[in-house]
């Protein structure tokens, strides 16, 4: 758009996702997937020797992926004429920023400012937690010379279950403690139940509906005291990981100097991503809501289009969510429970991957697809899936919701065979009991 732009970043370009979140964790998960494939190669007629994990090489691979992507970001910024400033910024008032570089400071003024300060790991108020060093997802990404024999993870959300998958694959005994009745509290309950079955089969212990009362560490092992429906009990492991989510990060920004309203660090914005100060915008984790890199990117484009006076047709109400466990999980739109809570009269269709030929060929035929529709209009309201390539396939359902397709229109789309995507078609057909590859319900 030809707008003179300065990017201020205190640490590494790419933020949480590229440096401490999405990318490095998925790189480690991919290494774990390769390990699992090597272990199970025999069932496909391939003979292999017992695979071994080389932790230094695994971390080198992960760091290499991050380094290449960071280099790409730097190249894109330079080629587009963006001025990069490595500094710590805070508001000095209105549209003025104070940028500190070591002992030196300078001020920058701009017609518009976009705040994208991200988030930091949330720390729950648990007795004893501040008395010893515990793990977070950041710790997992460090070059640990050796992993603990066992670990207790507080938090069964996305971060918790993904870290549990990595650690379990690398030979660590894992216990997950979740306060809500199910893992992934924001996900469809059937999806969460299916994931718990897979985790249990993999040897991961899941304790849902428990409250952590206190923790302690004697230098050799960690003791976590939990409150269950039956009373109090202790859970022991070598290490403790806290993975209860992330909180918006506004420390040191001096938002008050600019008059920016926020509620305990969450900055309020309108549909154009403007704060209460019209020339100052906020995007990403600092605005609350879904803490997803693709959500922040979409919000960034929305903010820039508004600054430039351009139209933007992004539907921020259709936001895919993915979990990179094994099997993968994805969701978009309303879940079955969410649609009922919104007072829709709904019809749902499901299809098990046990009946999908490509999933069976790949040896990954555990899981299912669920489609939620409006019984009155036939509109596609949401979709959830657990299984191979679920994170890649969810965009089809997102497009259907965004385009306001009906189940008849989505069900009329020809899918290539054999593909896992055929399960989406079958689940749509199942809404009216017409799925060809599903046994009819007993009457």
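When the chain is treated as a GNM with alpha-carbon contacts under 10 Å, the residue of 144, 80, 272 showing the greatest mean-square fluctuation is 80. Each principal axis of the Cα cloud of the chain was taken in turn, and the coordinate range along them, longest first, works out to 72, 59, 48 Å. Neighbour counts of C-beta atoms inside 10 Å place 316, 439 in the sequence 439, 316, starting with the fewest. Sequence-distant contacts, meaning Cα pairs under 8 Å at least 6 residues apart, place the relative contact order of the range 353-443 at 28 percent.
Kirkwood radius for the range 142-212, taken over all pairs of different Cα atoms as the inverse mean of 1/r, rounds to 12.3 Å. Between 198, 417, 294, the Gaussian network model of the chain with springs among Cα atoms under 10 angstrom shows the greatest mean-square fluctuation at 417. An oblate overall shape is assigned to the range 240-317, the ratio a/c of its alpha-carbon gyration tensor axes (a ≥ b ≥ c) being 1.5 or greater and a/b not exceeding b/c.
Please find the FRET efficiency linking residue 132 to residue 227, where r is the Cβ-Cβ separation and R0 is fixed at 25 Å, and quote it to the nearest 0.05. Please list the in-between numbers first.
On the way: r = 21 Å, r/R0 = 0.84.
The pair residue 132/residue 227 has a calculated efficiency of 0.75.
Residues of the range 311-329 with an amide N closer than 14 Å to a point placed 7 Å from the Cα of residue 68 along the Cα-to-Cβ direction: none.
Normalised Debye scattering of the range 327-430 at q = 0.14, 0.22 Å⁻¹ gives log10 I(q)/I(0) of -0.47, -1.11, counting only Cα atoms as equal scatterers and leaving out solvent.
Taking the centroid of alpha carbons for each part, the range 327-405 and the range 125-158 are 33 Å apart.
Largest GNM mean-square fluctuation among 411, 289, 118, using the chain with Cα springs under 10 Å: 289. Only helices enter this figure: runs of n ≥ 4 DSSP H residues, each worth -39500 (n - 2.57), summed and divided by the residues of the chain, yield -9000 deg cm²/dmol at 222 nm to the nearest 500.
Which order results if 30, 429 are arranged by neighbouring Cβ count within 10 Å, fewest first? Working shown, then result.
Details: 30 14, 429 20.
Placing the least packed residue first, the sequence is 30, 429.
Can you tell me how the range 291-348 classifies by the Cα gyration tensor, rounded, prolate or oblate, using a/c under 1.5 as the rounded cut?
Values: a/c = 3.93, a/b = 1.56, b/c = 2.53.
Oblate.
The per residue volume of the convex hull around the alpha-carbon atoms of the range 16-120 is 163 Å³. Peptide packing for 353-359, 302-308, 120-126 was compared via the average number of neighbouring C-beta atoms within 10 Å per residue; ordered from the highest value, the list is 353-359, 302-308, 120-126.
Ranked for footprinting exposure by Cβ neighbours inside 10 Å, fewest first, 17, 22, 163 give 22, 17, 163.
Output the relative contact order of the chain, whole-number percent, from Cα pairs under 8 angstrom with separation of 6+ residues. Write out the running numbers ahead of the final one.
Working: 812 pairs, mean separation 54.4, N = 443.
Relative CO of the chain lands at 12 percent.
With the simple model of a label 7 Å out from the Cα in the direction of the Cβ, residue 47 to residue 308 spans 6.0 nm.
A straight chain from residue 316 to residue 408 at 0.36 nm per residue would run longer than the Cα-Cα distance by 30.7 nm. Rounded to whole Å, give me the distance from the Cα center of the range 27-68 to that of the range 270-323. The range 27-68 and the range 270-323 have Cα centres separated by 36 Å.
With the cut-off at 1.5 for a/c, could you classify the range 168-244 from its C-alpha gyration tensor as rounded, prolate or oblate? Here the range 168-244 falls in the oblate category.
Rounded to the nearest 0.05, what FRET efficiency do residue 294 and residue 361 have when you use their Cβ-Cβ distance and R0 = 30 Å? The pair residue 294/residue 361 has a calculated efficiency of 0.50.
Can you tell me the relative contact order of the range 129-244? Whole percent, Cα pairs under 8 Å, sequence separation 6 or more.
Numbers: 216 pairs, mean separation 38.9, N = 116.
The value is 33 percent.
Read-outs: derived from the displayed coordinates by stated rules, not from any lab. Note that the structure is a prediction, hence the values are computed from the model and not measured. Positions of Cβ are backbone-derived with ideal geometry, glycine not excepted, and every protein chain shown enters the neighbour counts.
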